[in-house]
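Contents: one structure, followed by commentary.
The values are calculated or read from the model by the stated rules, or taken from the named source; none is laboratory data. No experiment lies behind these values; they were computed from the predicted model shown. Every residue, glycine among them, receives a Cβ derived from its backbone with ideal geometry; neighbour counts consider all protein chains shown. Areas reflect the complete protein model, heavy atoms only, side chains present, ligands, DNA and RNA absent. Shrake-Rupley method; radii C 1.70, N 1.55, O 1.52, S 1.80 Å.
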Amino acid sequence: MTRGGRPQSIRVRLTGWYTAVLFLMLVVYAAATFVAVRHEFLEQLDEQLHDDFEEAEGFLTAAPDGRVVLSGDHHHDRDGDEYRGADAWSATGEPIYRSGASSTLPAISMASAGSAARYDSIVANGHQWRTFTGTALVGGRAVVLRVARSEERLREQLAEVLSVLALGLPLVVVLAGLGGYALARRALAPIDHLAADARRITADRLHERLAVPNQHDEIGRLAGVINDTFARLESSFDQLRRFTADASHELRTPLAVIRGMGEVALGETRTPPQYKEVIGGMLEEVDRLSSLVDTLLRLSYGDAGTVRLSREPIDLGQLARDVASSLGILAEERRQRLDVNAPDGVRATADRLVLREALTNVIDNAIKHSPPGSRIYVRVESTRSDAIVTVADQGPGIPVQHRDRIFDRFFRIDEARSRDSGGAGLGLAIAKWAVEANGGHIRVDNGTESGSVFRIVLPRAEASITNRHEIDTQHRRGHP
């Protein structure tokens, strides 16, 4: 429903639907009322005809010569009434008496008169009549008696009822439409206020919220949902701003180093070995920059859901030992010891390469943040439904206020130390994505004495297989 090419407002459409439905209901009600009133009027007319029949029957008498006649009082009462009439006929079809307007009615058919009384509607001289025909016994002789009443008065009364309904129905519909529009406008007024408030909230004012006058009605719940959406948008915008600032800083640092090294090298003439040293330093920064860009691309692919995983049952203990072996050289350089307790048989359903990257980042993070000469513990265990990898270090630990952000991109607790060691603050973010992509979760706690404890929880392959076997068994047994 449009007006001038623009969709009409909700209140107009509600009023239109309300008016249309009400109009149909009133039409049905008016039709039912008219039918009921007409039926009631006909019943009253039939009762009057029955009374007329009994009255006329009382005036029938037997004459001394054996004929049936009507008394003079009844004759005088009926002759001047144009809306009533009475007929009396002998069983042989001879007219005994015709009074009032009955002279305009057709004669009674003796063949169809019968013995059962009946009501009829007949048309005579353009007028509608209602008749009641029955048989009466007078002095042992059967007489067919018919009384009649004109339906003109009935039609006039029905016309008045119909006029009232026809004139009152549009008036009621118009008044109901105006009232419905007023009610719709009043009911939808809070939505206009919500729209006005929401229109003022921009990307720079996401901290503002909509006013919720009543949290228990539909509009209040809608406002609550919109406020929750604004809260999520505010959080996302804050994360995007931090990510953009941190990414710009991380990209700007190696570019500034490359530029500085180039400018210094061009400032004065150097020997070939010196130029090689400068170019080598520049290539190291380029490698760091390329690694950072590759990592950001992988995270963006993960956010977009375009990374295809090949999940299969893998031996989590063997994977943990392989990762620890590959990182053993880094631990030896810092005089650290990797203590691995990873028994065989703990199987998890995951993508091997993606999960290996998660374990590598978590163990590498423990090596970087643990002091020289410390020990790093890697444990693999299982429960009834989960496979768990625990990585515990003896570093400074993570303050409680930073645990919610430790997996954020570019987040560092110690900015200077992390950057000096070559970290970009993306390792734990990748680890979180890799674990969650495989249907698991990762969390961090402080150790009992010092350091941090990272726990990676994944679904066990045996639990998945057992669940599928139980479901298949139930289906074979006919259970739902």
field: Residue identified as open to solvent by 80 Å² or more (accessible area, probe 1.4 Å), modelled with pLDDT of 80 or more and of a type in the set (A, V, I, L, M) among LEU255, LEU240, LEU233
entry: LEU255
query: Would you pick out the residues in the stretch 312-337 that are open to solvent by 40 Å² or more (accessible area, probe 1.4 Å) and either in contact (Cβ under 8 Å) with a residue 24 or more places away in the chain or in a loop (DSSP other than H, G, I, E, B) (or both)?
result: GLU312, PRO313, GLN318, ASP322, SER326, LEU330, ARG334, ARG335, ARG337
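Quick one: how many residues across the stretch 191-225 are part of a helix (DSSP H, G or I) and open to solvent by 50 Å² or more (accessible area, probe 1.4 Å)? Before you say what the answer is, go through the steps one by one.
First, pick out the residues of the stretch 191-225 that are part of a helix (DSSP H, G or I): 191-200, 203-205, 218-225.
If we keep only those that are open to solvent by 50 Å² or more (accessible area, probe 1.4 Å) as well, we get 191-193, 199-200, 204-205, 218, 221-222, 225.
Number satisfying all stated conditions: 11.
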- line: For the stretch 11-61, the count of residues that are of a type in the set (Phe, Trp, Tyr) and open to solvent by 60 Å² or more (accessible area, probe 1.4 Å) equals 4
task: Would you please list the contacts, defined by Cβ atoms under 7 Å and residues six or more apart or on different chains, that run from a residue in the stretch 255-272 that is closer than 15 Å to VAL286 by Cβ to a residue that is among the small types (Gly, Ala, Ser)?
output: MET261/GLY281
statement: Across the stretch 26-59, the tally of residues that are farther than 23 Å from VAL143 by Cα and without any contact (Cβ under 8 Å) to a residue 24 or more places away in the chain stands at 10
query: If the Cβ limit is 6 Å and pairs must be 6+ apart or interchain, which residue in the stretch 162-174 that is closer than 17 Å to VAL21 by Cα pairs with which residue that is surrounded by 12 or more Cβ atoms within 10 Å (Cβ to Cβ)?
result: LEU169/LEU26; LEU169/ALA30; VAL173/PHE23
- prompt: Considering the stretch 434-453 alone, what residues qualify as being crowded, with 18+ Cβ neighbours inside 10 Å, within 18 Å of PRO371 (Cα to Cα) and either of a type in the set (Gly, Ala, Ser) or without any contact (Cβ under 8 Å) to a residue 24 or more places away in the chain (or both)?
  reply: GLY451, SER452
statement: Taking the stretch 166-189 and keeping only residues that are open to solvent by 40 Å² or more (accessible area, probe 1.4 Å) and under 23 Å from VAL225 (Cα atoms), one is left with ARG185, ARG186, ALA187
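Every residue, every condition in (1) basic (Lys, Arg); (2) over 30 Å from ARG252 (Cβ atoms); (3) open to solvent by 60 Å² or more (accessible area, probe 1.4 Å); (4) in contact with a Pro (Cβ under 8 Å, 6 or more places away or on another chain), yes or no:
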residue	(1), (2), (3), (4)
ARG298	yes, no, yes, no
SER310	no, yes, yes, no
GLY345	no, yes, no, no
ALA350	no, yes, no, no
ALA366	no, no, no, no
- prompt: Quick one: in the stretch 121-165, which of the residues that are open to solvent by 80 Å² or more (accessible area, probe 1.4 Å) and not in a strand (DSSP E or B) is nearest to GLU57 (Cα to Cα)?
  reply: ARG153
